[in-house]
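Trainee: Quick one: this structure, given as structure tokens, is what I'll be asking you about.
Every read-out reported here was derived from the displayed coordinates using simple, explicitly stated rules and does not represent laboratory data. It should be emphasised that the depicted structure is a prediction, and the values quoted were computed from it without experimental measurement. Don't worry about glycine lacking a Cβ; one is built from the backbone with ideal geometry, like all the others, and counts go over all protein chains shown.
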């Protein structure tokens, strides 16, 4: 099963780099730092797919999506699928959720490791996202699949199928913005795993 990394057990310095004492907030921030356990290891890179429910993307968003997909392709294969929001064009919110739920669920394979994005999910740091990517390759799954829901969130089938539920922000994000943020964090995760200088 995929595990979230525990907090580091290292001894925290009580001094800043410039020699002054750390404030209580800075001490707490240091305690929360979670190292990527894959930094110095090779991992099994499995394909990534992102399934998003929403409307047609703007040209600027699509440029950013392609830019980050090109970057991630250096580490693993990645593709994304856009499922039309409210496919039945109904004014009934529950019917819309159910239709979108079915559309996403039909894209899920039994061998996928499914991560659902939801504002009530687990809040991950970038290092923990790197661990998630690394751990996914050790689950026996053949693909890491992320689901970004429509305006009313995910339906029950997708929620039950999820292996993990995470959030990108405590704020609600438009599906297009959520996609860009997710792609940037996946790219950041790979640079953390590879020990590259993108992440500070």
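Trainee: How would the stretch 48-193 be classified by its alpha-carbon gyration tensor: rounded, prolate or oblate, with rounded meaning a/c under 1.5 and the a/b versus b/c comparison settling the rest?
Mentor: The shape class here is prolate.
Trainee: Starting from the Cα of residue 74, step 7 Å along the direction of its Cβ; do the same at residue 93; then give the gap between the two resulting points in nm.
Mentor: 4.4
Trainee: Just subtract the alpha-carbon distance of residue 126 and residue 169 from 0.36 nm times their residue separation and send over the number in nm, one decimal.
Mentor: Length gained, residue 126 through residue 169: 14.3 nm.
Trainee: Using 0.36 nm per residue, how much length does the chain from residue 177 to residue 42 gain when fully extended, once their Cα-Cα distance is taken away?
Mentor: Additional length available on full extension: 45.5 nm.
Trainee: Okay, moving on. Provide 44, 159 in ascending order of the number of other Cβ atoms located within 10 Å of each residue's Cβ, fewest first.
Mentor: Neighbour counts put them in this order, fewest first: 44, 159.
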